[in-house]
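Read-outs: derived from the displayed coordinates by stated rules, not from any lab. This one's a predicted model, so the numbers in the text were calculated from it and none came from an experiment. Neighbour counts run over all protein chains shown; Cβ positions are idealised from the backbone, glycine included.
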Amino acid sequence: MDKIINNVDCIVIGAGPSGIAAAITVARSGKKVILIDRSEYPGSKNMYGGAVYKRALEELFCDDIQNMPYERIINDHTWAFLNDEGVFNISYNNPADSNAFAIKRFDLDSWMVNIAKKEGVYYIPSTLVTSLIIKDKKVVGIKTELEEYFAPVTIIANGANTILLGQAGLRKKDLEPKDVILTIKETLKLDKKTIEDRFNLKEDGTTGKNMLFFGSDFGNLKQYNNLFMMTFLFTFKDTIMLGVGCNLEDLKKNKLNINYILDEVKKHPVISQLIKDTKSIEYSAHIIPEGGFYDMPKLVSDGVMVAGDAAGFINGVHFEGTNFALISGKLAGETALDAIEKNDFSKNMLNNYIKRLEKSFIFKDLYTYRNVINLLHKRANSISVYYPNKIKEFFEIITGANNISKSQQYRKFLTNFIKERNILELFKDAFCALRCALDMLFGK
Amino acid sequence: MRLRYAFWEIITMNDDKNKKSIQDKLANIKYNCDSKSHLILDQEKCKNCKEKTCTFICPANVYEYNEQLDEITVVYENCLECGACKLVCEKKSIEWHWPKASCGVVFKNS
Ligand SMILES: Cc1cc2nc3c(=O)[nH]c(=O)nc-3n(C[C@H](O)[C@H](O)[C@H](O)COP(=O)(O)OP(=O)(O)OC[C@H]3O[C@@H](n4cnc5c(N)ncnc54)[C@H](O)[C@@H]3O)c2cc1C
Ligand code: SF4
Ligand code: SF4
């Protein structure tokens with residue numbers, strides 16, 4: 001490779017949504033930027049749940065998003081509690097809505113990388129960044145397996161695994177298991193027509209379903225009563241994405257393998273019907289950093305900024321991550337441009353990145369949700385076991401014409417509710433709910 | 001005593017089933033295998049590790065305890081590159097690297 005591309009204006013590590021957004025932003029002002037990724041094909045190292053959001057995409061790709069090779073628009077959302085036999089759910093369905101798109105990472109990342117290349121980004125695939133080059137405490141470039149690249153500013157956008165950050169002293173401690181959700185997913189093949197019939201979707205791809213399930217009190221998972229876990233399902237064109245996430249500390253404590261959880265979920269009477277006759281074609285795993293607001297690495301230092309998952313920008317409660325990644329990448333790119341303009345790459349100058357983040361929804365949302373995951377995790381038994389069962393009891397009264405007077409049953413339900421549940425636990429649940437509600441209302 | 005034995009039996013049975021299930025799922029994945037492991041263990045630390053957390057946490061069942069050798073075998077070829085093992089190993093025995101560029105797992109449908 002020629003010398004010119006080894007000396008550039010800006011280096012971006014990682015071609016996920018955050019890195020691509022950063023690189024495009026820099027290239028659009030005519031600056032020389034390289035985007036390095038370890039994968040041979042864009043997206044071939046990446047997995048996620050399944051949907052990207054229009055607003056963030058529009059901000060970067062404008063009208064181009066009409067050409068995005070998505071599979072379905074996701075506009076039918078369900079939140080559900082699984083009990084041992086059934087499910088209680090709330091749905092919101094608006095077939096006219098088109099804010100979320102189901103698309104595989106391979107297709108999404110390839111599409112974005114192609115646009116980036118057209119806009120002048122120099123994309124370098126099949127290249128692993130092994131370390132940062134640091135001189136006088138400034139990041140001045142990067143080392144790959146074969147060579148070195150130099151730039152006055154580097155943007156680290158290489159996802160949730162934090163090795164590079166540790167090396168650069170941007171992260172003192174590694175992620176702790178309690179702040180990490182381990183997720184796995186299976187891509188389940190089923191013919192298009194059957195998916196449409198089963199989930200009541202239109203043929204033209206303008207409708208699609210996303211389901212989130214709480215609850216762990218079924219099958220062999222009954223023996224664990226404190227698992228903080230979530231199951232997700234997305235409908236694609238001729239596949240269904242089914243995955244589970246569980247707090248890593250909970251898995252460790254219970255000596256539990258996450259695939260065991262997924263297999264139990266697949267056997268649940270309700271889920272098993274949804275995935276009937278499907279064939280598993282891919283299995284993938286990833287971690288989600290959930291430390292959020294309190295567990296961010298240093299976001300800037302001399303000559304370097306951190307964006308996307310690497311910075312812990314993710315909202316696990318709502319499955320939002322790609323939007324945080326795209327916008328944080330864009331803001332890092334803008335800050336890099338300012339720095340290039342002023343020829344000042346000091347930490348002071350790059351602190352403008354943090355100022356930009358503070359003004360955006362990213363810091364505001366991270367702040368609003370700063371306690372939520374932790375609070376929910378502490379009440380894992382309530383969310384995964386106790387309330388799903390209470391809901392079941394309640395609906396058995398409503399739906400079971402069992403020749404006992406309803407009023408008598410309601411009274412029994414209420415007295416049981418208070419008797420069975422230790423008052424302290426009830427109080428803690430109420431406190432948790434109140435704290436979450438207050439945080440939402442009085443967040444930023 | 002009998003009861004405890006039965007309980008243990010169930011656990012190992014589930015464990016074997018789970019391993020088989022993982023094997024089946026891994027069979028669908030495309031890998032470009034490297035000739036060298038990207039996961040390096042300090043086997044001395046592992047000898048003193050009671051929990052052997054890596055052997056049950058990994059979603060690809062990469063680590064297995066070999067009782068005869070008192071060693072952990074590492075089937076790095078199956079790694080899904082999630083990074084969980086490094087985070088749960090309390091003895092910090094795992095030196096975790098990315099696989100060489102273009103090596104390792106290749107996802108097309110995720
Ligand atoms: C199970 C799961 C479900 C999710 N569901 C959703 C969802 O439905 N919607 C949503 O918006 N978000 C979702 N997210 C979150 C979302 O996937 C992430 O927030 C987002 O992908 C982060 O983007 P990123 O660019 O920061 O990192 P990544 O997308 O992880 O990209 C990092 C890139 O860096 C490359 N890389 C890593 N290390 C190196 C290195 N040393 N050298 C060179 N290249 C390197 C990798 O190959 C990769 O391409 C989900 C996440 C998970 C795990
Ligand atoms: S790698 Fe870590 S968890 Fe696994 S046996 Fe060794 S010390 Fe224990
Ligand atoms: S990175 Fe994930 S898949 Fe690979 S060995 Fe570690 S836990 Fe297993």
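For the range A:1-50, what are the residues that are under 29 Å from A:Asp338 (Cβ atoms), surrounded by fewer than 22 Cβ atoms within 10 Å (Cβ to Cβ) and acidic (Asp, Glu)? A:Asp2, A:Asp9, listed by residue number. Considering the range B:65-110, the qualifying strands (runs of 3 or more DSSP E), each wholly inside and each with 2 or more residues that are touching a strand residue (DSSP E or B) at 6+ places or on another chain (Cβ under 7 Å) and away from ligand 2 (no atom under 11 Å from the Cβ), run over B:104-106.
Every condition in (1) within 14 Å of chain B (Cβ to nearest Cβ); (2) closer than 23 Å to B:Val105 by Cβ; (3) not β-branched (Val, Ile, Thr) holds for A:Gly219 except the one numbered (2).
Residues in the range A:174-204 that are charged (D, E, K, R), in contact (Cβ under 8 Å) with a residue 60 or more places away in the chain, more than 10 Å from every other protein chain (Cβ to nearest Cβ) and in a loop (DSSP other than H, G, I, E, B): A:Lys202 only. When restricted to residues that are facing chain A (nearest Cβ under 9 Å) and of a type in the set (A, V, I, L, M, F, W, C), the range B:89-102 contains 3. Looking for something out of contact with any Lys or Arg (no Cβ under 9 Å at 6 or more places or on another chain), farther than 27 Å from A:Tyr70 by Cα and of a type in the set (S, T, N, Q) - is there at least one such residue anywhere in the range A:240-252? Scanning the range A:240-252, I find no residue that is out of contact with any Lys or Arg (no Cβ under 9 Å at 6 or more places or on another chain), farther than 27 Å from A:Tyr70 by Cα and of a type in the set (S, T, N, Q), so the answer is no.
Listed by first and then second residue, the pairs linking a residue in the range B:39-64 that is closer than 25 Å to B:Lys17 by Cβ to a residue that is within 16 Å of ligand 1 (Cβ to nearest atom) and of a type in the set (S, T, N, Q), with Cβ atoms under 7 Å apart and 6 or more places separating them unless they lie on different chains, are B:Pro59/A:Asn259.
Cβ-Cβ distances below 9 Å connect the following pairs, each with a first residue in the range A:414-438 that is among the small types (Gly, Ala, Ser), a second residue that is in a helix (DSSP H, G or I), and a separation of six or more residues or different chains: A:Ala433/A:Leu375. It is to be established whether one or more residues within the range A:159-170 are within 20 Å of A:Ser44 (Cβ to Cβ), among the polar types (S, T, N, Q) and either more than 14 Å from ligand 1 (Cβ to nearest atom) or buried (at least 17 other Cβ atoms within 10 Å of the Cβ) (or both). Within the range A:159-170 (the criterion being within 20 Å of A:Ser44 (Cβ to Cβ), among the polar types (S, T, N, Q) and either more than 14 Å from ligand 1 (Cβ to nearest atom) or buried (at least 17 other Cβ atoms within 10 Å of the Cβ) (or both)), the answer is yes, since at least one residue qualifies. Candidates are the residues of the range A:40-56 that are of a type in the set (Ser, Thr, Tyr) and closer than 13 Å to B:Asn109 by Cβ; the one that is nearest to the other protein chains (Cβ to nearest Cβ) is A:Ser44.
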